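The values are calculated or read from the model by the stated rules, or taken from the named source; none is laboratory data. Since the structure is predicted, the reported quantities are computational estimates derived from the model, not experimental observations. Every residue, glycine as well, gets a Cβ built from its backbone with ideal geometry; the counts of neighbours run over all protein chains shown. Please note that ligands, DNA and RNA were not included when accessible areas were found on the heavy atoms of the full protein model with its side chains. Shrake-Rupley method; radii C 1.70, N 1.55, O 1.52, S 1.80 Å.
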Protein chains: 2
Amino acid sequence: MSAIPHDFVRKTAQLSEEVTRPFPNSRKIHVTGSRPDIRVPMREVTLTPTQTNQGPEENPPVLIYDTSGPYTDPEARIDLLAGLPDIRSGWIAEREDTEQLDGPTSAFGRERQNDPQLAHLRFEHLRTPRRAKSGRNVTQMHYARQGIITPEMEYVAIRENMRLDELRADPRYAKLLRQHPGQSFGAAIPETITPEFVRDEIACGRAIIPANINHPELEPMIIGRNFRVKINTNIGNSALTSSIEEEVEKMVWSARWGGDTLMDLSTGKHIHETREWILRNAPMPIGTVPIYQALEKVDGKPEELSWEIVRDTLIEQAEQGVDYFTIHAGVLLRYVPLTADRLTGIVSRGGSILAKWCLAHHQENFLYTHFEEICEIMKAYDVAFSLGDGLRPGSLADANDAAQFAELETLGELTQVAWKHDVQVMIEGPGHVPLQMVRENMTKELADCFEAPFYTLGPIVTDIAPAYDHITSGMGAANIGWYGTAMLCYVTPKEHLGLPNKEDVREGIITYKIAAHAADLAKGLPGAQIQDNALSKARFEFRWEDQFNLSLDPERAREYHDATLPHQSHKVAHFCSMCGPHFCSMKITQDVRDYAANQRIENLDAAVAEGMREKAREFREDGAAIYKAV
Amino acid sequence: MSAIPHDFVRKTAQLSEEVTRPFPNSRKIHVTGSRPDIRVPMREVTLTPTQTNQGPEENPPVLIYDTSGPYTDPEARIDLLAGLPDIRSGWIAEREDTEQLDGPTSAFGRERQNDPQLAHLRFEHLRTPRRAKSGRNVTQMHYARQGIITPEMEYVAIRENMRLDELRADPRYAKLLRQHPGQSFGAAIPETITPEFVRDEIACGRAIIPANINHPELEPMIIGRNFRVKINTNIGNSALTSSIEEEVEKMVWSARWGGDTLMDLSTGKHIHETREWILRNAPMPIGTVPIYQALEKVDGKPEELSWEIVRDTLIEQAEQGVDYFTIHAGVLLRYVPLTADRLTGIVSRGGSILAKWCLAHHQENFLYTHFEEICEIMKAYDVAFSLGDGLRPGSLADANDAAQFAELETLGELTQVAWKHDVQVMIEGPGHVPLQMVRENMTKELADCFEAPFYTLGPIVTDIAPAYDHITSGMGAANIGWYGTAMLCYVTPKEHLGLPNKEDVREGIITYKIAAHAADLAKGLPGAQIQDNALSKARFEFRWEDQFNLSLDPERAREYHDATLPHQSHKVAHFCSMCGPHFCSMKITQDVRDYAANQRIENLDAAVAEGMREKAREFREDGAAIYKAV
């Protein structure tokens, strides 16, 4: 087993330049809320002007929702050893409903903290954990239901809104704001996201802000069908490879490309320490599947799991700051035989562990029977539930079957229990589902789980393309996002085959950003089309640099362009490599347009035709040469 | 201009091993029709048995629709200099409605054939072209409407059917044939594709078999919404790069990965010669945009185009054997001003050329005014129309606008004209369209164009991901295929940025094979799920080699697996690299299943629980080691 991070020396913990270099022509801005400590980061992309016959015409900057944290900010001082700046401690403290503990209250947490052999692995600046005062409930849902708008809620309102009201009042943005009406399938996205709207959505359970009081470094974000569709990424050293340092680098890499949340699925001997490093440096909410770690504690024997071990693990992780837990409480004993005739049985790790436990003991799933006690823990730290789909289909053949939908109904029942405790909930879903059966999943989830945010893996829409499952699943993800899924769990090209490397992670994230954005556009999210419009305008006007800079992956776009036309001069060329200068349809169209826009078609007389011929001669001068520089 | 294929020496024309090596565990079989010269190729993948407690259990071979031509057949002798074997000349000759000409009848064709300077580039074994006898019509539609089932129709019926009736009668396939009902949006795919069904679909215009009488080498295939969704790929040396030899290699590469048809979009000085090499070696229908070559003949000046030049080009290409022509006859003068307010004007090359011609002459598009004459040419060789969407949207902003839909209505009008001549027609569509507006395109096409097969580029569902537009468009393609599009035109990662290399072509094709297959599954195409079921079964049973071999890209699947677990022994491992041996959910599930399937849950007593613990111990023995070899 090569899982031991033997080479992880604290003093050298550094990120590569690759994961931190700023995006081109971009700067980090902060929009301040109603109080100076609410400062919401956004990325502003500056564009070049359009050259017209009347001189240069400004192209106003475009704002991009920014998940990258301080890492892409050249002004920020990054120190992995110290962790990210603390954004929320003040907000949490001023609510006066929490107390600072002396140290971890979980047995395992204490043990790890006191083990001198772990000193070289341990994050140096450990905070003592915070917990709700006895009898208090510190969830965002609890506050929302009392009518309180927390700083977190205001933060996400600003973040979702992306200054849209200001853009609407600015005539430079009039054309960029053009957008097609959406088809929302019942979502009700307002023209402007207000803090009150956020509060209301959280109060009714339609959205969540995963934000553990012990993860004050995070930049709050919201998950719900009336907000931007989000994406989750997974990292984790498997039993077979990788070190802590690699995991932190992967987390930052994930943030860079657009991961909204991140699940740490690490296994192996040092998951506690790895998690601490990740949390202290993570700008996004972190999720885990606590049962994985619990299983490590019983040497991988599912049948030896117990409520006590899991309980201690939940507290251990909650006190580190994990923001949401996947809890497979819907895998009921009576559902297990429903999987016996499946083509691919139970493919969820958590699901199979619990199924095995249930059968071994012939007892009901202890996560189900202890669910209210879990709620008590969740609300003391504000950990959100991600109710796990342990019986999700692992092949098209098993899609939407009795096992899958029985579990979904139970997740609905558990949602009601969690909400009774004001604990935030999202519902995990899909897996492998053919296109025509995707919608049923969404419809059923909305009905059975009372519009709690749906969080789906893919779905993968055909089983026959291992090595391309980011794509098979991206197709399903775009559709289910459109239908109403609030967060899409990414899939990488290595799914079903191996462990993703950094390039796989990037490929998976960009695919899912595409799916999420396609869904936003399809639902009609206000402002969603601005970036598309700005990029297409740049493309049409041959502003190559702007086209690159506005794209989801500016580095790859530039690299691909340069593979065919490497010279800097080609980036101001009024043609592209597909057609060459003679055939450039965009160029021809520009000419057509200049005429058509200014003349009524009836007036296109001989003089005009001559003018066009002149123009044609002009842009035909030479083969590969550039005929006009901007 | 580096377009001149100076290094193309006929005697060395060879394909690389990479494009011809057979697929693993696969063999080419041929299914014979009602006469011995109808021999339809399919790929048969042999699988390993499943190891059970009762001994090995056979997994029957899986048939895969095979587009790769003889190139992947180790028994076939490939000689690019001689071209592929002639499959259809006998069929064509026996109809006695064609005549062998003395040589090309186009002025340009004669000129090229007689130019001694082209000798080193010219394909050696030029056939003299064939043409319909005076007054005869040789289109598949013409035969179909007379009630004649041609060998081509029988060929495609066998090809589409994939021996499904035999599989249904074979008990080994019972489980693999399990499939979810589709949602067909009005498509009516029969349980079994018969030659008579093919004839009927062609007669009514709902499907086409592009098969020029001068391309006897092709393996007939059908395009229509009641058949498998097909994909088209594009190749073409741009003005800026590539040689003839590269183009032929790309064509074979495209066939290998699953391109059903191929458009040769070459420009530059030797497109006539390049096309000849491609056609003589192409097992799939070849399409072109003749206006591109016509434009070369007038030195790239759209306004100097004339009907006479285009007419000569159509005949030149028809006599070489091009199977379908993109004809932009729907770009009407009065539609051009409709594009003036667009964000991205006219982005189709053909569309912009015609628009420019219309404006320069202030006359109606000569392809429109000469449309009946074009039909006369088409029916003399059986070239199918691909009615071009010259006004397709180049950005989300321009989707489904007045210009696009006005042209679509005109394409419907032209469809009726073509059908009056019994000429086969498909309709080009989409471009950039957000998800919620995709369906309208399909609905409108079916209505306006009387169910003529729709052939769409993508659509791309967001503009913001250059370098990933195979994915943005694959999402749109899967959906529009599901809604009823008959053929999807692929997009590569280099779209909007540069010229695709071989890896880009492969990536684009696989993405589109996924989209087409996802659409087949969603429509409920009988038998579509066999490959999914067989692959998922292999996956669940840890038959790694079978999983690779059944996938769309066996080489990439294996490569990705080996990146994490390189050893041969790992390919028989009962775990995968994501979870490692301890956590393998599939393994755990297999255990659960063994018990759950054999016992009623109530009987799971202590003895059984003990048995499970025993089992658990057994597969836990060691870390990374393999605990069971098959």
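With respect to B:Lys269, determine if the residue is within 14 Å of B:Phe108 (Cα to Cα) and open to solvent by 10 Å² or more (accessible area, probe 1.4 Å). Yes; evaluated as a whole, the condition is true for this residue. The single condition among (1) modelled with pLDDT of 95 or more; (2) open to solvent by 10 Å² or more (accessible area, probe 1.4 Å); (3) part of a loop (DSSP other than H, G, I, E, B) that B:Glu308 does not meet is (3). Taken together, the residues in the range B:281-300 that are over 14 Å from B:Gln317 (Cβ atoms) and either more than 14 Å from chain A (Cβ to nearest Cβ) or of a type in the set (D, E, K, R) (or both) amount to 4. For the range B:168-208, taking the residues that are open to solvent by less than 20 Å² (accessible area, probe 1.4 Å) and more than 30 Å from B:Leu387 (Cα to Cα), the one that is nearest to the chain's Cα centre (by Cα) is identified as B:Leu176. Being part of a strand (DSSP E or B), open to solvent by less than 20 Å² (accessible area, probe 1.4 Å) and touching a strand residue (DSSP E or B) at 6+ places or on another chain (Cβ under 7 Å): is that true of B:Pro393 here? When the stated conditions are applied, B:Pro393 does not pass them. Just one of the listed residues (B:Ala534, B:Ala519) is out of contact with any helix residue (DSSP H, G or I) (no Cβ under 6 Å at 6 or more places or on another chain) and among the aliphatic types (A, V, I, L, M), and it is B:Ala534. Of all residues in the range A:311-331, those satisfying the criterion of being part of a helix (DSSP H, G or I) and aliphatic (A, V, I, L, M) are A:Leu314, A:Ile315, A:Ala318. On the basis of being under 30 Å from A:Lys297 (Cβ atoms), at pLDDT 90 or above, among the basic types (Lys, Arg) and buried (at least 19 other Cβ atoms within 10 Å of the Cβ), does A:Arg110 make the cut? Answer is no for this residue.
Please go through the range B:465-520 and pick out each residue that is small (Gly, Ala, Ser) and not in a helix (DSSP H, G or I). Within the range B:465-520, B:Ala465, B:Ala467, B:Gly484, B:Ala486, B:Gly498 meet the criteria.
Among the residues making up the range A:167-196, those that are basic (Lys, Arg) and within 21 Å of B:Val461 (Cα to Cα) are A:Lys175, A:Arg178.
Residues in the range B:520-536 that are out of contact with any strand residue (DSSP E or B) (no Cβ under 8 Å at 6 or more places or on another chain) and within 7 Å of another protein chain (Cβ to nearest Cβ): B:Leu521, B:Ala522, B:Gln529, B:Asp532, B:Asn533, B:Leu535. For the range A:425-455, the set of residues classified as in contact with a Lys or Arg (Cβ under 9 Å, 6 or more places away or on another chain) and either closer than 23 Å to A:Asp323 by Cβ or of a type in the set (Gly, Ala, Ser) (or both) consists of A:Glu428, A:Gly429, A:Pro430, A:Gly431, A:Phe450, A:Glu451, A:Ala452, A:Pro453, A:Phe454, A:Tyr455, listed by residue number.
Go through the range A:254-277 and give me each residue that's aliphatic (A, V, I, L, M) and at pLDDT 95 or above. Of everything in the range A:254-277, those that are aliphatic (A, V, I, L, M) and at pLDDT 95 or above turn out to be A:Ala255, A:Leu262, A:Met263.
Taken over the range A:482-502, residues that are more than 11 Å from every other protein chain (Cβ to nearest Cβ) and open to solvent by 20 Å² or more (accessible area, probe 1.4 Å) amount to 1. Taken over the range A:358-378, the criterion of being within 11 Å of A:Leu305 (Cβ to Cβ) and either within 10 Å of another protein chain (Cβ to nearest Cβ) or modelled with pLDDT under 90 (or both) is satisfied by A:Cys358, A:Ala360, A:His361. Taking (1) under 29 Å from A:Glu296 (Cβ atoms); (2) over 22 Å from the mean Cα position of the chain (by Cα) in turn, A:Ile148 satisfies each apart from (1). Against the list (1) modelled with pLDDT of 95 or more; (2) touching a strand residue (DSSP E or B) at 6+ places or on another chain (Cβ under 8 Å); (3) open to solvent by less than 10 Å² (accessible area, probe 1.4 Å), the condition B:Glu319 fails is (3).
If A:Asp546 meets every condition in (1) without any contact (Cβ under 8 Å) to a residue 12 or more places away in the chain; (2) more than 10 Å from every other protein chain (Cβ to nearest Cβ); (3) within 18 Å of A:Pro24 (Cα to Cα); (4) of a type outside the set (Phe, Trp, Tyr) apart from one, which number is that one? Against the list (1) without any contact (Cβ under 8 Å) to a residue 12 or more places away in the chain; (2) more than 10 Å from every other protein chain (Cβ to nearest Cβ); (3) within 18 Å of A:Pro24 (Cα to Cα); (4) of a type outside the set (Phe, Trp, Tyr), A:Asp546 comes up short only on (1).
Can you spot a residue in the range A:400-411 that is outside any loop (DSSP other than H, G, I, E, B), within 14 Å of chain B (Cβ to nearest Cβ) and crowded, with 22+ Cβ neighbours inside 10 Å? Yes, that holds for at least one residue.
What about B:Asp562, is it closer than 19 Å to A:Val438 by Cβ and either in a helix (DSSP H, G or I) or more than 8 Å from chain A (Cβ to nearest Cβ) (or both)?
The answer is no for B:Asp562.
Beta carbons closer than 8 Å, at least 6 apart along the sequence or on distinct chains, pair a first residue in the range A:176-201 that is on the phi > 0 side of the Ramachandran plot and touching a residue at least 60 places away in the same chain (Cβ under 8 Å) with a second that is open to solvent by less than 60 Å² (accessible area, probe 1.4 Å) and in a loop (DSSP other than H, G, I, E, B) for A:Phe185/A:Gly484; A:Gly186/A:Gly484.
Residue by residue through the range B:364-390, note down the ones that are in a loop (DSSP other than H, G, I, E, B), of a type outside the set (D, E, K, R) and more than 22 Å from the chain's Cα centre (by Cα).
B:Asn365, B:His370
On the basis of being open to solvent by less than 10 Å² (accessible area, probe 1.4 Å) and in contact with a Pro (Cβ under 9 Å, 6 or more places away or on another chain), does B:Leu332 make the cut? No; evaluated as a whole, the condition is false for this residue.
Please verify whether the range B:209-228 includes one or more residues that are open to solvent by 10 Å² or more (accessible area, probe 1.4 Å), within 23 Å of B:Glu507 (Cβ to Cβ) and part of a loop (DSSP other than H, G, I, E, B). Yes, because at least one residue in the range B:209-228 is open to solvent by 10 Å² or more (accessible area, probe 1.4 Å), within 23 Å of B:Glu507 (Cβ to Cβ) and part of a loop (DSSP other than H, G, I, E, B). In the range B:124-140, the residues that are more than 17 Å from B:Glu316 (Cα to Cα) reach residues that are acidic (Asp, Glu) and crowded, with 20+ Cβ neighbours inside 10 Å with C-beta atoms within less than 8 angstrom, at least six apart or across chains, in these pairs: B:Asn137/B:Asp422; B:Val138/B:Asp382; B:Thr139/B:Asp382; B:Thr139/B:Asp422; B:Gln140/B:Glu152; B:Gln140/B:Asp382. Applying the set (1) open to solvent by 10 Å² or more (accessible area, probe 1.4 Å); (2) out of contact with any His (no Cβ under 6 Å at 6 or more places or on another chain) to A:Lys379 leaves exactly one unmet item: (2). Looking across the range B:433-481, the residues that are within 7 Å of chain A (Cβ to nearest Cβ) and open to solvent by 10 Å² or more (accessible area, probe 1.4 Å) come down to B:Gln436, B:Met437.
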